[in-house]
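None of the figures in this text is laboratory data; all of them are computed from the coordinates on show. Just so it is clear, the structure is predicted and the values come from calculations on it, not from any experiment. All Cβ positions, even for glycine, are placed from backbone atoms using ideal geometry, and neighbour counts span all protein chains on display.
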Amino acid sequence: MDSIKVNLGDRSYPIYFGTGILKGFGGTYTKFSNSKKVIIVTNPNVGKLYYEVVEDSLLKEGIEPHRIDVPDGEEYKTLTWASKLFDKLIALKADRQTPLIALGGGVIGDLTGFVAATYLRGVPFIQVPTTLLAQVDSSVGGKTGVNHRKGKNLIGAFYQPKFVYIDIDTLKSLDKREIKAGLAEVIKYGVIRDPKLFKYLEDNVDILTQDLKLKTQNTALLHIVKRSCAIKAAVVEADERESGLRAILNFGHTFGHAVEAVTKYKEYKHGEAVAIGMVYASKLSHRTGLCSKSVVERVRNLIKKAGLPTEAPNFPRKSFLKAMEIDKKVVGGELRFVLVEGIGKVRLEKVKADVIMPESRL
Ligand SMILES: NC(=O)c1ccc[n+]([C@@H]2O[C@H](COP(=O)([O-])OP(=O)(O)OC[C@H]3O[C@@H](n4cnc5c(N)ncnc54)[C@H](O)[C@@H]3O)[C@@H](O)[C@H]2O)c1
C-alpha cells in the first residue's frame, strides 16, 4: 500500500492508496485509534457495495462498527441531516473517542466531516472516498460542510481527517459519468500545477473513460489519483484555510458555480460545470492577454477528450453574472478569478464584470 503525507503540524495525516485494499481497512484503523466502537456513515447505494467489506475488516480486529445511512443525494447534505446524525450518535452513545468514518462520495464525506467537527466539539474523522471526485479532491484538505437553501457549502468547518483510505477498485462500480466528472478536477490539477500530469492526461485520458476493467487502467488511475492528492496536499499545506494560495484550487469554479446555479443544479454534475468553467476561465485568461490561444485550445481539447462538456447554453448575461456574485469569491465589487498563464501556472486576478463577459455568449 502506497501513501503520502499531508503535513499540517499536529493535524498531519496520511493518505493511503491501493487496489483492493478495502479489506485491509481494519488493520490500518487499529494503528490510529484504540476505540472499539466506530460509526460508519454511508448511503444505501455505496453501503450495499462496500459496507460489509469494511465491517468484516473491523470485526476481524475486534472493533464494533455501527452503520448510519443517509439517503443518496446532494439534497441530503443539510443541517437537517447533520441534526439527524447527531441524534443517532447520541442514541449510540458515541463519545469523544468514537471515530466517524465517511464511506462514500463527496456528499457523505462533507456531511460526515461536518458532524465530526461539531459533535462533542470534535471527534476523530476518517475518510474512505469511493468516487473519483472524492478521491482526488473532497476527501483531502479538511473542508467539510453542508448546503443552505441560499447556496452550496455555506455552513461548514475546516476539519482534517485522521487518515484517508483510497481503494481505486471502488471506482469500478462507479457510473462513467461520475468518472468523467472526477476527471475534470484531475485536469484542473494539471492546469494549475503540473504540466507533466496534463500531458499524461492528453496521452491517457481516453482509456479512463472506458469501462474500468483493464490493468493498464489501474496503473493510470493510481497515477492520477496519487498525483492529484499530492498536488492538493501541497497547496493545502501552504494555505490550510484558504487565505491565499489555496484559492488556485478554484480554477474554473467561479464560472462553474454560475453554470450550476443558472441551471438550478439539475443539468450538470459539479465536475461537468467545472469543465465548462475551465474553458471559460482559459478564454478569459486569453482575453486579458495572460495566455496564448494555444493554451485555451489544449485545455478545451483535453476536456473534450475526457468526454466532458466545453460550453454551456447561451444564458442571459445578467443571470450569469448574478449567479457569480453570490459565489464566495467576490472581493470589493470585482470578481477574483484564477487565470492561467500557461499549462501548470495560474495566478489570482481581480477582474471587472465587463471584462468577464464582454459578449452574451462567452
Ligand atoms: N470538501 C471539499 O473540499 C469538496 C471538494 C469538491 C467537492 N465537494 C463536494 O462533494 C460533493 C460531490 O461529491 P461526489 O461527486 O462524490 O458526489 P456524491 O457523493 O453524490 O456521489 C455521486 C454518486 O455516486 C454514488 N457512488 C459513490 N461511490 C460509488 C461507487 N464506488 N460505486 C457506485 N456508486 C457510487 C453515490 O451514491 C452518488 O449517487 C458535493 O457536495 C461537493 O460540494 C467537496
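Which value, in Å to one decimal place, does the Kirkwood hydrodynamic radius take for the range 192-356 when every pair of different Cα atoms is included? Show your work: numbers first, answer last.
On the way: mean 1/r = 0.0600 Å⁻¹.
Kirkwood radius, the range 192-356: 16.7 Å.
Taken over the Cα atoms of the range 24-81, the convex hull encloses 91 Å³ per residue.
Binning at 10 Å from 0, report for the range 64-149 what percent of all alpha-carbon pair distances ends up in each bin. P(r) over the range 64-149, rounded to whole percents: 18, 56, 25, 1.
Ordering of 245-251, 58-64 by packing is 245-251, 58-64, highest average first (other Cβ atoms within 10 Å, averaged per residue). Taking amide H atoms as placed 1.01 Å from N in the peptide plane, the amide H of A157 lies under 5 Å from those of T144, G145, each 5 or more residues away in sequence or on another chain.
Which net charge results for the neighbourhood of T80, defined as the other residues with beta-carbon distances under 12 angstrom from its beta-carbon, given Lys and Arg at +1 and Asp and Glu at -1?
Values: positive: K77, K84, R149; negative: E75, D87.
Overall, the nearby charge balance is +1.
Axis angle, to the nearest 10 degrees, between helix 106-118 and the longest C-alpha principal axis of the chain: 60 degrees.
Divide by every residue of the chain the summed helix terms, -39500 (n - 2.57) for each DSSP H run of at least 4, and state the resulting mean residue ellipticity at 222 nm, rounded to the nearest 500 deg cm²/dmol. Helix-only estimate at 222 nm: -14000 deg cm²/dmol.
The mean of 1/r over all pairs of different alpha-carbon atoms in the range 2-174, once inverted, gives a Kirkwood hydrodynamic radius of 15.7 Å. With Cα atoms defining each centre, the range 55-93 and the range 114-170 are spaced 14 Å apart in the structure. Of the chymotrypsin sites (Phe, Trp or Tyr not before Pro) in the range 138-226, not one is in a loop by DSSP (not H, G, I, E or B) with at most 10 other beta carbons within 10 Å. Between K84, K37, K232, the Gaussian network model of the chain with springs among Cα atoms under 10 angstrom shows the greatest mean-square fluctuation at K84. Convex hull volume per residue, computed on the Cα atoms of the range 134-244, equals 123 Å³. Ordering P129, T30, F320 by the projection of their Cα atoms onto the charge dipole of the chain, which places +1 on the Cβ of Lys and Arg and -1 on the Cβ of Asp and Glu, puts F320 at the extreme positive end. Between the amide H of T98 and any residue lying 5 or more places away or on another chain, no distance stays under 5 Å, with hydrogens modeled in the peptide plane. Taken over the range 212-287, the percentage of Cα pairs per 10 Å bin, counting from 0 up to the bin with the maximum distance, is 18, 30, 38, 14, 0.
What value in Å³ per residue do you get for the convex hull of the alpha-carbon atoms in the chain?
Working: hull volume 44.3 nm³, N = 362.
Here the figure is 122 Å³ per residue.
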